[in-house]
């Protein structure tokens with residue numbers, strides 16, 4: 001074998017042959033013409049967002065500006081409902097101009113936010129151990145999926161049926177009172193279980209805890225066991241592994257679950273009527289009452305304020321947990 005064959009010239013090792021000039025000139029055009037139109041891929045999602053998100057939001061804005069207090073031939077757009085909300089009935093009192101003074105909706109928004117934060121904390125306390133057990137303690141993938149589907153069983157029934165089911169559970173002649181009397185814990189049925197803050201909070205936790213179990217479970221299931229084994233080999237205690245590895249890696253699931261629960265609870269109204277007996281008002285019930293008396297513009301204004309509060313809450317949760325950084 002010649003030296004030239006043994007030692008090819010520099011610059012030729014691994015070098016691809018140069019394409020012809022006509023091929024280079026026609027390459028971009030061929031790629032553009034033969035490429036799959038990406039627009040067709042995003043068209044269904046765009047159409048879905050336009051129909052079920054953008055158009056409903058635009059309709060709410062239009063209703064909030066619609067003037068229904070004049071004669072039919074003088075109907076038009078007005079800002080009077082925003083003025084009534086933010087001045088006479090809302091953020092400012094018409095006489096003292098005190099911030100956050102006497103608005104019914106603002107007070108209701110405060111109580112709704114209180115119940116929302118309490119239920120979010122309780123759902124996290126209940127849902128995180130369940131998700132941890134499914135993802136970290138159950139070894140078989142089939143058993144993990146089977147137990148996870150078991151947690152999803154309540155969602156197979158109607159939301160209203162699940163709320164009404166608490167009536168025979170918490171009533172004076174309900175199962176819980178019978179159990180307490182039978183065990184000798186109380187002498188007579190307790191009347192504070194139903195139509196109370198305890199019953200309302202308990203029902204909300206049962207109704208929405210599965211919304212945080214799912215995201216946390218999938219975040220925990222993605223943790224590589226090799227990382228945990230390496231930590232154990234380096235002498236880390238189980239508590240240190242949980243605090244330094246498991247909790248940080250599960251934060252995206254926690255954040256997503258809390259966002260789901262926050263958004264659902266801020267607009268919740270049926271459970272307050274069924275389980276709490278209407279003793280408290282939520283932002284959803286206030287909007288529903290305005291809708292019932294055909295005050296659609298003011299209902300739309302309150303709905304927009306509620307949506308703004310939801311957006312602020314979601315942004316705060318995303319600021320507390322940087323999902324992209326954690327992932």
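Values for this structure:
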item	result
Nearest-0.05 FRET efficiency for residue 234 and residue 133, computed from C-beta distance (R0 41 Å)	0.95
Ranked 159, 114, 290, criterion: other C-beta atoms within 10 Å, fewest first	114, 159, 290
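Readers should treat all values here as calculations from the given coordinates under stated rules, not as data from a laboratory. Bear in mind the structure is a predicted one, so any value in this text is a computation, not a measurement. Backbone-built Cβ (ideal geometry, glycine too); neighbour counts: all protein chains shown.
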